[in-house]
Amino acid sequence: MGELVATFEKNRAGLGTALLQHIGISAVSLIIAMLIAIPLAIYSIRHKRLANVLLQVAGVLQTIPSLALLGLLIPVVGIGNVPAIIALVVYALLPIYQNTYVGLNNIDPSLEEAAEAFGMSRGQKLTRIELPIAMPVIISGIRTAMVLIIGTATLAALIGAGGLGTFILLGINRNEPMLTFLGALAAALLAIAFSVLIQVLQKVKPKTLGIFVLVFAVLLGGGIGYSRYQASRPTVTIAGKLGSEPDILIEMYRQLIKDDAPSINVKLKPNFGQTSFLFSALKNDQISLYPEFSGTVLESLVHTDVKANQKSAKQTYRLAKKELQQQYHMTYLKPMAYNNTYALVVKKSFAKRYSLTKISDLNRISAKLHGGFDLEFIDRNDGFKGIQKIYKLNFSKISMDADLRYQAIDQGKINITDGYTTDAQLRQFNLVALKDDQHLFPVYQGAPLISKETLKAYPGIKKSLNKLANQITDEEMQDMNYQVSVKHRSAKSVAHKYLQSHHLLKAGD
């Protein structure tokens, strides 16, 4: 309990912001879902075939995996709140529609006949008889939808919409269970609070309910207006992938930019998600820049027949820069020194037992291997596909979240996984990266990938960010990752210490 309280105190300000973001996304999604589902259910009461079709459609929509739905929405509507709200509305439609339909359909026919005998119109029957009787069932559907929305909204953090999922992802990524528990606990308490609120609103008078809805609408409108005002301000938005290393790099970018031009409004979006999410956001001008690796550019982002693993570090970077400019009109600034390439990783004790020093040695013990790999690694030609093709290796494997694979190998659930050469976990869990003796993995040098609009608006950014060119060795990056992931120091302080010690900031900063 003491550790939880300490974690709360340390992250109280960020938790408050995340909670407000989560409430905003959840409330808007629930209201939109109600405005769609309830009228459709009322209309379909007299159209049984339509009702069956709508039930089937809503059921099918709810079976779509949430991450897949977000991935499908990003190319269409971009990132942030909009795709998150659309996805949440989709998941909330079925329980609200189904319960509203069932509640209205099960009303005693004698009550309908009595209402008609009194000369009530269709609208009067609906508002005075049908909806009041069906209301407990409708509220039950709304409550189910609300719990579903609050739980699923944690994934909004993956696409830059914030919310309590940010704490869950950070906790998993940094191996801080209390941070994950704090985010999950806050989400659970929020669901309970919403459930109680809905139950209270069910008992209030219609006039009081109307006043509440009006006040909520005004507050919501004010919040949306303020958000749009904030979004309209000239801002350099720097995003980063999941992990301590991107957190450190985007903090360095921010501090370098602010050091040279304090008037520039810089906004960070850490733990943004997979490569495809960030690249899509950059293409759609929803972020200004993010750190990307030269090998990733050639293997995953641009269209080229050139094999990245056949090129030197300089050749890989130059080709990546050229293709990004020609195909997407993006600027790839100068790279840092370190090479954060892929590696196959085993425990040092496992390597010693079977005399493993390079990937080719694994052929001798392929029957003993049980791997757990990041899904992106499994699907890449410079990942597991390349391992199978070049090294002729094939062994049992499972896919797992990138942040959980190191815990799995440490606990003995798997005995081989993918990693990066600068990962702090190599040091933390006493692991060794096997030598890539067939040169499968390309060179991965990090560099800022920036939109031409950002450079046009803020030309001085180029000079600021290029201060990191040829800086940061493999050992320095691994140590900084260790400080953040294992020692739980803030990415901001670790980044600032490095910049200061290498005289990249002005004196006294």
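The values are calculated or read from the model by the stated rules, or taken from the named source; none is laboratory data. From a predicted model like this one, the values you see are computed outputs, not experimental measurements. Ideal geometry is used to build each Cβ from the backbone, glycine not excepted, and the neighbour counts take in all protein chains shown.
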### Task
Name every residue in the stretch 60-96 that is surrounded by fewer than 19 Cβ atoms within 10 Å (Cβ to Cβ) and among the β-branched types (Val, Ile, Thr), in order of residue number.
VAL60, THR63, ILE64, VAL76, VAL77, VAL82, ILE86
## Note on the structure
Reported set for the stretch 387-411 where residues are touching a residue at least 60 places away in the same chain (Cβ under 8 Å) and outside any helix (DSSP H, G or I) is ASP401, ALA402, ASP403, LEU404
### Message
Can you tell me which residue is modelled with the lowest pLDDT among those in the stretch 401-427 that are over 20 Å from ASN339 (Cα atoms) and among the hydrophobic types (A, V, I, L, M, F, W, C)?
### Response
LEU404
### Residue that is nearest to LYS269 (Cα to Cα), among those in the stretch 115-141 that are of a type outside the set (Gly, Ala, Ser) and either in a loop (DSSP other than H, G, I, E, B) or within 26 Å of the chain's Cα centre (by Cα) (or both)
MET120
### Query
Does ASP437 satisfy the condition of being under 23 Å from the mean Cα position of the chain (by Cα) and at negative phi?
no
### Summary
How many residues of the stretch 487-509 are aliphatic (A, V, I, L, M) and under 29 Å from the mean Cα position of the chain (by Cα)? The answer is 4
#### Entry: Cβ-Cβ under 6 Å pairs, at least 6 apart or on other chains, the stretch 185-199 side free of Cβ contacts under 8 Å to residues at least 12 places away in the same chain, far side of a type in the set (A, V, I, L, M) and surrounded by 15 or more Cβ atoms within 10 Å (Cβ to Cβ)
none
### Message
Among the residues in the stretch 42-58, are any under 30 Å from ASN284 (Cβ atoms) and in the same structural domain as GLY183 (by TED's automatic domain parsing)?
### Response
yes
### Message
Against the definition (among the acidic types (Asp, Glu), in contact (Cβ under 8 Å) with a residue 12 or more places away in the chain and either assigned to a helix (DSSP H, G or I) or over 15 Å from GLY141 (Cβ atoms) (or both)), how does GLU112 come out, yes or no?
### Response
yes
#### Entry: Enumeration of residues in the stretch 253-270 that are surrounded by 17 or more Cβ atoms within 10 Å (Cβ to Cβ), farther than 25 Å from VAL302 by Cβ and in contact with a Leu (Cβ under 7 Å, 6 or more places away or on another chain)
ARG254, GLN255, LEU256
#### Entry: Condition broken by VAL484, with the remaining ones in (1) of a type in the set (A, V, I, L, M, F, W, C); (2) more than 23 Å from the chain's Cα centre (by Cα); (3) assigned to a helix (DSSP H, G or I) satisfied
(2)
### Message
Taking the conditions exactly as written (of a type in the set (A, V, I, L, M, F, W, C), assigned by TED's automatic domain parsing to the domain that holds HIS329 and surrounded by 20 or more Cβ atoms within 10 Å (Cβ to Cβ)), does LEU455 satisfy them or not?
### Response
no
### Query
Across the stretch 13-44, which residue is modelled with the lowest pLDDT among those that are farther than 30 Å from LEU182 by Cα and touching a Phe, Trp or Tyr at 6+ places or on another chain (Cβ under 7 Å)?
SER44
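Yes/no per residue for (1) at pLDDT 90 or above; (2) farther than 23 Å from THR422 by Cα; (3) not polar (S, T, N, Q):
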site: GLY223; (1), (2), (3): no, yes, yes
site: TYR253; (1), (2), (3): yes, no, yes
site: ASP260; (1), (2), (3): yes, yes, yes
site: ALA281; (1), (2), (3): no, yes, yes
site: GLN315; (1), (2), (3): yes, no, no
